[in-house]
Amino acid sequence: MIAPAVVCAAMTATLVACGGGSSGGSSGKATVNWWTWDPNQAAAYEKCIPAFEKSNPDIKVKISQYNVSDYFTKLTSGFVSGDAPDAFMNSVTYLQSYAGQGQLMSLDKYISQDKIDMKQYSIGASAWKYKDGKQYALPMDWATGVLYYNKDVLAKAGYTPADVDKLTWTPDGGGTFWKMIKHLTVDKSGVRGDQSGYNAAKVTTYGIGNLESTGDPFGQNAWGWLLPSAGVSIPNTNQWPTVFNYANPQVVKSVGLVRSLTNDGFAPKLNQFTTADTQQLGSGKVAMIVGGTWEASTFASLPGIKVGVAPLPAGSDGKRALMSNSNGNDIWAGTKHADQTWKWVSYQESETCQTKAAEYNGSFFPSIAKSMDALATKQASKTPGFSVFTDYVKNDELFPCPVYNNGAAVTNAMVPQFEAYFTNKAGDDVFTKMQEQSKKLLAQEK
């Protein structure tokens, strides 16, 4: 699987709604243009076109894929010029921007008309409701975090897969997860991190890869996946928050634990390694990695290493709450033939198509629970530990990532401050400053 295009957030842009879109009239024959940034999903959804066009002979579907670095710029240009695609894969990052500027078509009429059961989507549907209460996308997929580990390294340290599966994490000391990380860390003399004489300046294997994510306001893809299971939340509400509670003592304590892990020599420093997480695990530089679900097939195919997969640590009560990103299938408000486009989009996000597309190359986890089950059956032999992903869904351990105003400005303001904190150039007082900044920025629509 490839990584989601962007992390949880919301951004703003000044856009102008125009007419345009695909070829063909408002009724009769038409070509529906659909865009994505993901080459794997482009190839997967191509497999749904023959059956769709057979049932809808007057509709042709054209799928176009663009690199994520250019994708959203091209979309914005298309909105302005009147030549945007009829429908497109979108990140919730852009919900506030696009819906607020009238670029997205509300799907409520069609959902009601065709009696679409929104409950079939195990994750993501609620994330695509805008402030007006309307549904602007059907959820396509989902992604969250898991723990990848070197089975041989853990066995040598005396751990079993069952030990990893039942790890816990708390802001008060890090729970059994922190204890395992320290024991897995080994210096050049063979002394473990929790043993007397351990030399943090001469580490051969770190217990965990770097957890100091600074790419977004929540530490998603690293430390941010740990906090919710312990009941620690940064946004004051999950949708359209008015403040990010960085100064909450539990947040300060939690992020401080992550920094101490690196400062004390149990995890590599921020940007210490130039190699990818998979290479770090494969080379033995780290014993465990907190990674994305989209990396499962990559880790599973690492040569010469047995990779285990485990759920992220639970809270002290044994329960998990994991932030999950879900991309959506949007219809452009400027399309000249909404009915035909809806037929394609609703077919894409049906159990039939989601199952066929997901099974084709395993490039994404479908939002529909039954489609996810079908994928799990097919992938069980190819990807050991795949049940970890399905258990997240079955145990109702996922929640949508926050949607908020002014995401670009919030990210630009917070990221350098997190970098300063994790590199020991800023102290705990930075969190109060960040919280006050968040109030002002979240109050702005753009």
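Data for the structure
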{"read-out": "Distance between modelled label sites at residue 155 and residue 424, nm, 7 Å Cα→Cβ extension", "value": "3.8 nm"}
{"read-out": "For the stretch 163-267, the spread of Cα positions along each principal axis, largest first, Å", "value": "51, 26, 21"}
{"read-out": "All Cα pairs of the stretch 235-301, percent lying beyond 13 Å", "value": "74 percent"}
{"read-out": "√(5λ) per eigenvalue of the Cα gyration tensor, the stretch 367-428, largest first, Å", "value": "38, 17, 10"}
{"read-out": "Largest to smallest principal axis extent of the C-alpha atoms in the stretch 157-216, angstrom", "value": "33, 32, 21"}
{"read-out": "Contact order relative to length of the chain, as percent, for alpha carbon pairs under 8 angstrom and 6 or more apart", "value": "27 percent"}
{"read-out": "Cross-link reach list, aspartates and glutamates versus residue 439, counting only Cα pairs under 16 Å and skipping chain neighbours closer than eight places", "value": "none"}
{"read-out": "Per-peptide average of other Cβ atoms within 10 Å, ordering 421-429, 131-139, 165-173 highest first", "value": "131-139, 165-173, 421-429"}
{"read-out": "Estimated Rh, the stretch 65-221: Kirkwood, alpha-carbon pairs, angstrom", "value": "20.3 Å"}
{"read-out": "Relative contact order of the stretch 227-310, pairs being alpha-carbon contacts under 8 Å that are 6 or more residues apart, as %", "value": "14 percent"}
{"read-out": "Evaluated at q = 0.18 Å⁻¹: base-10 log I(q)/I(0), Debye formula over Cα of the stretch 258-410", "value": "-1.26"}
{"read-out": "Cβ-Cβ FRET estimate between residue 305 and residue 236, R0 fixed at 51 Å, reported to 0.05", "value": "0.75"}
{"read-out": "Heavy-atom surface of the chain, accessible at 1.4 Å and reported per residue (Å²)", "value": "39 Å²"}
{"read-out": "Overall form of the stretch 318-406 per C-alpha gyration tensor (a/c, 1.5; a/b vs b/c)", "value": "oblate"}
{"read-out": "Under 18 Å from residue 166, Cα to Cα: aspartates and glutamates that are on another chain or at least 8 residues apart", "value": "317, 391, 396, 397"}
{"read-out": "Rough spin-label spacing in nm, given labels placed 7 Å along Cα→Cβ, for residue 31 and residue 263", "value": "6.0 nm"}
{"read-out": "Alpha-carbon gyration tensor eigenvalues x 5, square-rooted, for the chain, Å", "value": "40, 26, 18"}
{"read-out": "Most positive-pole-ward Cα, 347, 379, 405, against dipole of the stretch 339-405 from beta carbon charges", "value": "379"}
{"read-out": "Packing-based order for 435-445, 194-204, using average beta carbon neighbours within 10 Å, highest first", "value": "435-445, 194-204"}
{"read-out": "Helix-derived mean residue ellipticity, 222 nm - over the chain, DSSP H n ≥ 4, -39500 (n - 2.57), to 500", "value": "-10000 deg cm²/dmol"}
{"read-out": "Peptides ranked, highest mean first, by Cβ atoms within 10 Å: ranges 278-288, 141-151", "value": "141-151, 278-288"}
{"read-out": "21 Å Cα-Cα reach of residue 285 towards lysines, excluding residues that sit fewer than 8 places from it in its own chain", "value": "151, 156, 179, 182, 188, 202, 269, 306"}
{"read-out": "Full-stretch length increase - residue 275, residue 196 - with 0.36 nm per residue and alpha-carbon distance subtracted", "value": "25.4 nm"}
{"read-out": "Accessible-area composition of the chain, carbon plus sulfur, in percent [1.4 Å probe]", "value": "49 percent"}
{"read-out": "Cβ-based net charge around residue 264, under 15 Å, with every Lys or Arg adding one and every Asp or Glu removing one", "value": "+3"}
{"read-out": "3J(HN,Hα) from dihedral phi, the stretch 219-227, Karplus parametrisation 6.51/-1.76/1.60, rounded to Hz, x for glycine, proline", "value": "x, 4, 6, 7, 4, x, 6, 7, 4"}
{"read-out": "The stretch 59-111 shape via C-alpha gyration tensor axes, a/c threshold 1.5", "value": "oblate"}
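The values are calculated or read from the model by the stated rules, or taken from the named source; none is laboratory data. The structure presented is a predicted model; accordingly, all values stated were derived computationally and were not measured. Cβ: placed from backbone, ideal geometry, glycine included. Neighbour counts: every protein chain shown. Note: accessible area is taken over every heavy atom of the protein model, side chains too, but ligands, DNA and RNA are not part of it. Shrake-Rupley method; radii C 1.70, N 1.55, O 1.52, S 1.80 Å.
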